[in-house]
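Shown next, in structure tokens, is the structure this report addresses.
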Amino acid sequence: MKKILVLHGVNLNMFGKRDPKHYGTFTLADLNKKLVELGNELGVDVVCFQTNYEGQMCERIHQAFDEKIDAVVINAGGWSHNNVPVRDALMILTVPIVEVHVSNNKKREEFRHHSMISDIAKGTIAGFGIDSYLLGLRAAVSAVSETPA
């Protein structure tokens with residue numbers, strides 16, 4: 001069975017508590033449950049991971065390489081805009097990467113308009129709330145099925 005790793009970056013453990021206008025009222029547990037359920041429907045194993053620590057995120061990405069994860073869906077949170085180490089760790093991977101954002105970062109503060117990840121990702125989905133993740137998972141599954149075995 002194909003395995004998709006979903007990475008949640010800094011502060012995303014605060015879904016449901018932080019700025020509901022931009023991030024909605026769902027919790028990280030709600031989101032992870034929906035991702036695993038959709039993964040089951042799509043015939044893939046979904047593994048979710050969240051951390052507020054850059055080194056832990058990089059280590060989890062390194063582990064994904066060793067585990068031969070088939071694709072990654074990532075919302076790096078604030079790290080999206082300024083984090084070279086997470087970007088460099090992702091560049092080690094040879095699998096499709098799908099970047100997702102709950103809010104439309106192009107409609108927010110100027111510093112959020114640039115992503116350190118977008119140019120190394122197969123694609124980016126933003127602005128659809130929790131559906132950004134679900135669409136991102138669908139895109140990752142599609143990308144994996146395009147990849148030769």
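The values are calculated or read from the model by the stated rules, or taken from the named source; none is laboratory data. In this text the structure is predicted, and so the values were computed from the model without any measurement. Here Cβ is always computed from backbone atoms with ideal geometry, including for glycine, and neighbour counts include all displayed protein chains.
Select from the stretch 33-60 the residues that are in a helix (DSSP H, G or I), more than 20 Å from Ser80 (Cα to Cα) and of a type outside the set (Lys, Arg) and list them in ascending order.
Leu35, Val36, Glu37, Leu38, Gly39, Asn40, Glu41, Leu42
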Note: among Gly55, Gly24, Gly9, Gly77, just one is more than 17 Å from Ala143 (Cα to Cα), surrounded by 13 or more Cβ atoms within 10 Å (Cβ to Cβ), more than 15 Å from the chain's Cα centre (by Cα) and small (Gly, Ala, Ser), namely Gly24
Filtering the stretch 68-93 down to residues that are of a type outside the set (D, E, K, R), farther than 20 Å from Met14 by Cβ and touching a helix residue (DSSP H, G or I) at 6+ places or on another chain (Cβ under 8 Å) yields Ala71, Val72, Pro85, Ala89, Leu90, Met91, Ile92, Leu93
The number of residues in the stretch 61-89 that are farther than 22 Å from Asp30 by Cα, assigned to a helix (DSSP H, G or I) and not aromatic (Phe, Trp, Tyr) is 14
Among Ile69, Ile117, Ile92, Ile97, the single one that is more than 30 Å from Lys21 (Cβ to Cβ), touching a residue at least 24 places away in the same chain (Cβ under 8 Å) and under 14 Å from the mean Cα position of the chain (by Cα) is Ile69
Does Val46 meet the test of being closer than 23 Å to Phe128 by Cβ and either of a type outside the set (Phe, Trp, Tyr) or over 12 Å from the mean Cα position of the chain (by Cα) (or both)? yes
Within the stretch 94-149, the residues that are of a type outside the set (A, V, I, L, M), at pLDDT 95 or above and under 18 Å from Cys48 (Cβ atoms) are Pro96, Glu99, Asp131, Ser132, Tyr133, Gly136, Arg138
When the stretch 89-106 is checked residue by residue, the ones that are surrounded by fewer than 18 Cβ atoms within 10 Å (Cβ to Cβ) and under 23 Å from Ile130 (Cα atoms) are Asn104, Lys106
The correct count of residues that are of a type in the set (Lys, Arg) and without any contact (Cβ under 8 Å) to a residue 60 or more places away in the chain in the stretch 1-60 is 5
